[in-house]
Amino acid sequence: EQLLSGFNATAVAYPLEKTVVDLFTSQVALTPEATALVFEGVSLSYQELDRQSNRLAHYLVSQGIGADDLVGICLDRSIEMVVGILGILKSGGAYVPIKPDSPVSRISHMVADGAIGIVLSDVSSVGVLEDLPIRTVVLDEDSAEYLSSPDHALDLVYSPDSLSYVIYTSGSTGVPKGAMIEHKGLLNHLLLMIDELGMDSNSVVAFTAPFTFDISVWQLLSGLLSGGRIVIYSEASILDVSGFQSRASKDGITLLQLVPSYVSNLLDNEEDEGLDQLRYFLVTGEAVSTSLLSRWFSRYPDVPVVNAYGPAEASDDVTLHIMDKAPSTSLVPIGKPVANMQLYVLDSLDQLCPIGVVGELCVSGVGVGRGYLNDEDKTASSFVSHPFIAGTRMYKTGDLGRWLSDGTLEFMGRSDDQVKIRGYRIELGEIENVLLSHELVSSCCVVSRLDDYGTHRLVGYVVVDGDFDKVVIQEYLGSSLPDYMIPHQWVDLDDMPLTANGKIDKKRLPAPDVSFIGEEYVEASSAVELSLAGIWQELLGVDRIGIYANFFDLGGHSLLATRLVSMIRKELSIEVSIRDVFEHTTIEALGRHI
């Protein structure tokens with residue numbers, strides 16, 4: 001009884017017969033002149049945001065968009081992004097976020113899979129869409145046709161059972177799958193975040209997440225239902241850790257959410273302007289460690305931390321755990337079920353696991369989505385009939401967890417080959433399937449390895465017919481997969497180690513040797529080069545680095561680049577930028593630039 005209903009007594013009477021459009025319209029009437037959005041010095045009031053999104057919605061309806069129609073939106077974080085999303089929702093359609101830097105083949109799949117006829121974009125991103133069989137609406141173009149549409153509200157009734165958005169996640173078969181979320185799940189999530197975080201007209205939310213992440217949804221919409229202000233940060237501004245921290249302080253941010261791997265960089269930064277003004281700090285996307293929390297509370301003892309857990313298939317967060325100090329346990333709890341959602345820990349026979357026993361985390365409640373777009377088999381296997389509540393469905397997450405005696409849950413990892421890299425959800429099988437489609441690859445395995453900084457990195461193991469060329473393989477992967485899914489460390493094997501059952505024995509896969517990368521090894525000689533070599537060795541966990549080795553080929557990525565900038569500042573008392581690291585990728589080039 002306790003596992004079924006005691007720990008799951010989460011009923012809250014939210015107005016789920018309404019939609020986010022209805023509640024946003026009500027908020028506009030309450031605070032029309034209040035600032036809704038801020039982006040790089042430009043602000044937009046609630047009334048103007050309402051009018052701009054109304055114009056877009058009228059235009060989309062005139063183009064035939066209605067309930068459950070999917071509209072793509074392909075641009076970077078900006079005011080136009082929020083106008084676009086609201087406009088799509090007001091038209092009755094559902095939005096599909098598309099990263100502009102995604103491979104064209106991936107974008108093409110999403111467009112075809114969703115039968116998307118219209119994609120919203122901006123001047124800087126629309127070029128990636130030019131060869132697709134779609135109509136584009138360039139939101140920041142002065143001559144855009146939608147700007148002449150009426151700016152009053154549409155005479156539409158919105159259904160809580162209609163689709164609100166579809167977010168594509170990595171698929172084990174090599175094809176990304178679209179998780180479909182309805183309006184009632186979206187609104188429930190937004191309202192519970194408002195409640196749990198005490199959001200009101202004084203709330204200032206940092207919009208930092210890639211909008212292909214489900215966590216972006218509450219960041220850009222919750223504040224707009226509570227009269228608060230959304231401050232939008234570009235990718236470049238976030239990667240500048242020192243500058244971002246300073247801007248967040250000046251902007252008066254009260255709610256900030258980041259992945260743990262970025263938080264570590266943030267705490268390494270010793271800026272005087274801290275984040276003491278935060279009302280809550282949220283971590284999500286990866287498991288957070290107690291050591292990281294100890295560092296946080298040592299610096300910000302009065303800023304509570306919220307550990308959030310939830311899959312895209314269930315409207316994002318399904319548990320929250322609010323802490324005012326680091327836990328004494330080795331694992332950081334993910335918390336208790338949120339409003340109108342239920343969690344179960346089940347064994348392989350779908351029976352309840354006793355308190356303390358590890359099983360699969362399964363989710364039910366109003367936030368559980370409709371399933372995967374055009375994938376009946378995967379939907380049927382993951383969205384199953386509820387074993388304990390007749391007539392309802394349950395989502396099987398594939399995550400492992402266990403109950404603690406106080407009704408709090410702990411996350412214990414995955415039951416399959418899904419991993420999280422810098423917050424991105426990745427099916428290793430998707431990478432392996434693309435690798436195996438290369439004519440020279442006869443066998444392969446991709447694993448996630450933990451480095452000395454607690455960051456997961458992808459390592460590719462291959463057996464090839466002929467000579468292994470890392471650049472060729474990475475370029476091949478890049479034609480189908482986004483950058484965060486491409487391993488930068490590789491091991492070329494004669495044969496894969498196998499278990500007695502003939503499966504790849506991952507425990508016997510050797511650690512990658514990254515002590516020498518590149519055709520020519522030249523040792524550091526100048527004082528600057530020697531200092532940079534020492535920093536790279538410590539940061540990348542590499543024993544021997546030549547001055548012509550490429551930072552990103554050695555496993556570097558954007559978050560490590562931010563740490564590199566910080567370490568150079570401390571070691572050499574010299575200020576370099578993230579752009580410098582991306583433009584000067586070797587010790588020789590960066591040293592010469594310095």
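Read-outs throughout are calculated quantities, based only on the coordinates presented, and are distinct from any laboratory measurement. Every value quoted in this text rests on a predicted model; they were computed, and no experiment measured them. Reconstructed Cβ throughout: ideal geometry from the backbone, glycine too, with neighbour counts over all protein chains shown.
For Ser385 and Ile574, the FRET efficiency from 1/(1 + (r/R0)^6), where r spans their Cβ atoms and R0 equals 56 Å, is about 0.35.
The simple Förster model, with R0 at 41 Å and r as the Cβ-Cβ distance, assigns Leu493 and Lys250 a FRET efficiency of 0.20.
Each of Leu275, Leu187, Leu4 has some number of other Cβ atoms within 10 Å of its Cβ, and from fewest to most they run Leu4, Leu275, Leu187.
Descending by average beta-carbon neighbour count within 10 Å, the peptides 549-557, 38-46 line up as 549-557, 38-46, the highest first.
Calculate how steeply helix 527-540 sits against the longest principal axis of the alpha-carbon atoms of the chain, using the helix alpha-carbon long axis, and give the answer as 0 to 90 degrees to the nearest 10. In the chain, helix 527-540 runs at an angle near 60 degrees to the longest axis. Gain on full extension, evaluated as 0.36 nm per residue between Ala29 and Tyr300 minus their Cα-Cα distance, stands at 93.8 nm. The residue list Gly223, Leu560, Ser405 was ranked by how far each Cα lies along the charge dipole of the chain toward its positive end, using unit charges on Cβ atoms, and Ser405 comes out on top. In deg cm²/dmol and to the nearest 500, what is the mean residue ellipticity at 222 nm of the chain if only DSSP H runs of at least 4 residues count, each as -39500 (n - 2.57), divided by the residue total? Rounded to the nearest 500, the figure is -9000 deg cm²/dmol.
Remark: the chain carries a charge dipole of roughly 1360 debye about the Cα centre, counting +1 on each Lys and Arg Cβ and -1 on each Asp and Glu Cβ. The packing ranking, built from the mean of other Cβ atoms within 10 Å per residue, places the peptides 571-577, 252-258, 431-437, 214-220 in the order 214-220, 252-258, 431-437, 571-577, highest first. Against the chain, whose longest principal axis comes from its Cα atoms, helix 183-196 is set at around 80 degrees. The relative contact order of the range 103-172 comes to 24 percent, based on Cα pairs under 8 Å that sit 6 or more residues apart. Mind scanning Lys420/Lys503; Lys18/Lys99; Lys470/Lys506; Lys325/Lys507; Lys506/Lys570 and naming the pairs with a C-alpha gap bigger than 28 Å? Cα-Cα > 28 Å for Lys18/Lys99; Lys325/Lys507; Lys506/Lys570; rest within. Taking the charge dipole of the range 418-508 about its Cα centre, with +1 at Lys and Arg Cβ atoms and -1 at Asp and Glu Cβ atoms, the residue from Leu436, Ser479, Ile504 reaching farthest to the positive side is Ile504. Between helix 79-91 and the chain there is an angle of about 40 degrees, using the helix long axis and the longest principal axis of the Cα atoms. Placing +1 on the Cβ of every Lys and Arg and -1 on the Cβ of every Asp and Glu, with nothing else charged, gives the range 418-508 a dipole about its Cα centre of roughly 600 debye.
Legend: calculated FRET efficiency, Asp465 to Leu530, from the Cβ-Cβ distance at R0 = 45 Å, rounded to 0.05, equals 0.65. Length gained on full extension, Ala11 to Ser62: 14.4 nm, using 0.36 nm per residue less the C-alpha separation. Here Asp483, Asp495 are placed in order of increasing Cβ neighbour count within 10 Å, fewest first, which gives Asp495, Asp483. By other beta-carbon atoms within 10 Å, ranking Tyr372, Tyr484 with the fewest at the front produces Tyr484, Tyr372. Applying the Karplus relation 6.51 cos²θ - 1.76 cosθ + 1.60 with θ = phi - 60° to the range 569-580 yields 3J(HN,Hα) values of 4, 6, 6, 10, 6, 10, 9, 10, 9, 4, 4, 4 Hz, where x marks Gly and Pro. Packing order of peptides 336-349, 150-163, 294-307, highest average first: 336-349, 294-307, 150-163 (average count of other Cβ atoms within 10 Å over each peptide's residues).
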